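No value in this document is a laboratory result; all are computed from the given coordinates. Everything numeric in this text was worked out from a predicted model, so none of it was measured. Cβ placement follows ideal geometry from the backbone for every residue including glycine, while neighbour counts extend to all protein chains displayed.
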Amino acid sequence: MFTKPVNVEDYRALAQRRLPKIIFDYLEGGADDETGLRYNHEVFDRYRLMPRRLVDVSKRDIGIELFGRRQAAPFMIGPTGLNGALWPKGDILLARAAERAGIPFVLSTASNDSIEDVAAASKGDFWFQLYIIQRELAEQMVRRAEAAGYSTLVLTTDVGVNGNRERDLRNNFGLPMRYTPRLIYDGLTHPRWSLDFMRNGMPQLANFATADSSNVEVQAAVMSRQMDTSFSWEDLAWLRKLWPRKLFVKGILRPDDAEHCIAAGADGVILSNHGSRQLDTAVSSLEVLAETRARISAPILIDSGYRRGSDIVKALALGANAVLLGRATLYGLAAAGEAGVDHVLRLLEGEVDRTLAQIGCPSVTQLSPDYVMSDGSRPATSAPSVRNSVAA
Ligand code: FNR
């Protein structure tokens, strides 16, 4: 085993070492046969970078502007549930790390620290992710996020039903965790995690905690009962009226849906297959990026499978405004808490910066499709990049 992690994959190995198997499987697992997990990584190999030489890259800038707001790097920490199962106060630690790095943090509906607690703990740019839940509950959460100062709402559209995550089924994973002999053995063989867990107790689904549901079991039941598979374009229009600030729709994998979102009043879309935790056989978000960019000029964020600075550079070149980090920062959190998240962010910043230097591009805002060769044909898309022409 290495002594000093030098990349995201090293943090993945450290996270696996510290976490009980049942928790690591929850973090890592995909749906069904997990073919999509591999696909999300392998797809990056189909796109290769074409370095431009004799360009002055002595000064480089990896910062971007989104809706007139500067962020120090072209990525943000995406929404993930149950961060508190990886490290106590995981949501707050992630929010603070994002603030230090000058990037946004997206809090999940299924967070373990509440909307209000995260807002109170961070002065950065924090966004709230909303699952499609029953209207009344959704409205309450949206109003809470507005009152607490969240700048942006992310509506996740790919979890009407949960993905078939067979690792979790085999492990009998769910909230609250049941103290089976297997879980106890798992805990005993991962003492550092278990000590933290015993000191801090079972993570709560904090946004569902109310006077009559202060126990985790009730909260988990409320959340799963309230998921709504009937949500459609009319409901998006309803949400648009309800939320006065920036609105992204997450889980989009079709250029026509992206167009539809913008026509319905969304400010941008997030191309995502949910890190392949939902539909195992879905396309990769990277594959639909260029075509989506050709159809809309609004901001496009993207996630699913990003582990290297060069992955991020490829997506920006093909038209994304920024990348959401999912497991990458969670590996840092699970391995080493706040310091681990800080280090993962610094590693990715360094990798993006080094990639820019090596391809002869002084700024991420100057990336364009002609830096990318896809499957042997150049350029990756003939569609013009309109990303830099919009006041995103
Ligand atoms: C997620 N994701 C997710 N998305 C969301 O909108 N709300 C959520 O609560 C969660 N929860 C969640 C938990 C865990 C453990 C993971 C790994 C992911 C999906 C997440 O926002 C993002 O789309 C993927 O993580 C991106 O893929 P990578 O980067 O993890 O491969």
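What's the FRET efficiency of ARG245 with ALA209 using the Cβ-Cβ distance as r and R₀ = 22 Å, to the nearest 0.05? It would help to have the intermediate numbers written out before the result.
Details: r = 25 Å, r/R0 = 1.13.
FRET efficiency, ARG245 to ALA209: 0.35.
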Check your understanding: Simple spin-label model, 7 Å along Cα-to-Cβ: ARG295 to THR281 in nm?
Key -> 2.2
**Study point:** Using a Förster distance of 25 Å, the FRET efficiency for GLU166-ARG192 (Cβ separation, nearest 0.05)
**Key:** 0.35
Practice item. Find which of PHE173, SER304, GLY265 sits farthest along the positive direction of the dipole of the chain, computed with +1 on the beta-carbon of Lys and Arg, -1 on that of Asp and Glu, about the Cα centre. Key: SER304
Check your understanding: Dipole magnitude of the chain about its Cα centre, charges +1 at Lys/Arg Cβ and -1 at Asp/Glu Cβ only, in debye to the nearest 20?
Key -> 920
Exercise for review: May I ask for the distance between the Cα centers of the stretch 110-188 and the stretch 304-374, given as a whole number of Å?
Suggested key: 25
**Study point:** Signed unit charges on C-beta, dipole axis of the chain, positive-most listed residue HIS190, ASN112, VAL222
**Key:** HIS190
Exercise for review: Please give the direction-averaged projected area of the C-alpha convex hull for the stretch 231-364, in square nanometres with one decimal.
Suggested key: 9.5
Check your understanding: Each residue of the stretch 332-347 in turn: what ³J(HN,Hα) in whole Hz from Karplus with 6.51, -1.76, 1.60 and θ = phi - 60°, glycine and Pro shown as x?
Key -> x, 4, 5, 7, 8, x, 4, 5, x, 5, 3, 5, 4, 5, 5, 4
Point to revise | Where Cα atoms sit under 28 Å apart: lysine pairs in the chain separated by 8 or more or lying on different chains | key: 14
Study note, to complete from the structure: P(r) over all Cα-Cα pairs of the chain, 20 Å bins from 0 to the longest distance, whole percent per bin, short to long, reads 28, 60, 11, 0
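Does the stretch 80-190 come out rounded, prolate or oblate by the C-alpha gyration tensor, with a ≥ b ≥ c the root eigenvalues, rounded set by a/c under 1.5 and, if not, prolate when a/b is larger than b/c and oblate if not? Write down the numbers at each step before the final one.
Working: a/c = 2.43, a/b = 1.46, b/c = 1.66.
Oblate.
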Practice item. Taking amide H positions as placed in the peptide plane 1.01 Å from N, state which residues far from ASN112 in sequence (5 or more) or on other chains have amide H under 5 Å from it. Key: LEU82, ASN83, GLY84, ASP91, ALA206
Study note, to complete from the structure: For the pair ALA72 and ILE184, the simple spin-label estimate (label points 7 Å beyond Cα toward Cβ) gives in nm 4.6
Check your understanding: Looking at LEU82, LEU93, PRO203, which one has the Cα that reaches farthest to the positive end of the dipole of the chain (charges on Cβ: Lys, Arg +1; Asp, Glu -1)?
Key -> LEU93
Check your understanding: Could you give me the ³J(HN,Hα) list for the stretch 63-77, computed from phi with Karplus coefficients 6.51, -1.76, 1.60 and θ = phi - 60°, whole Hz, x at Gly and Pro?
Key -> x, 9, 10, 10, 6, x, 10, 7, 10, 6, 9, x, 8, 9, 8
Check your understanding: How big is the charge dipole of the stretch 1-138 about its Cα centre, in debye rounded to the nearest 20, if each Lys and Arg gets +1 on its Cβ and each Asp and Glu gets -1 on its Cβ?
Key -> 700
Review point. How do 260-273, 6-19 rank on mean C-beta neighbours within 10 Å, highest first?
Key: 260-273, 6-19
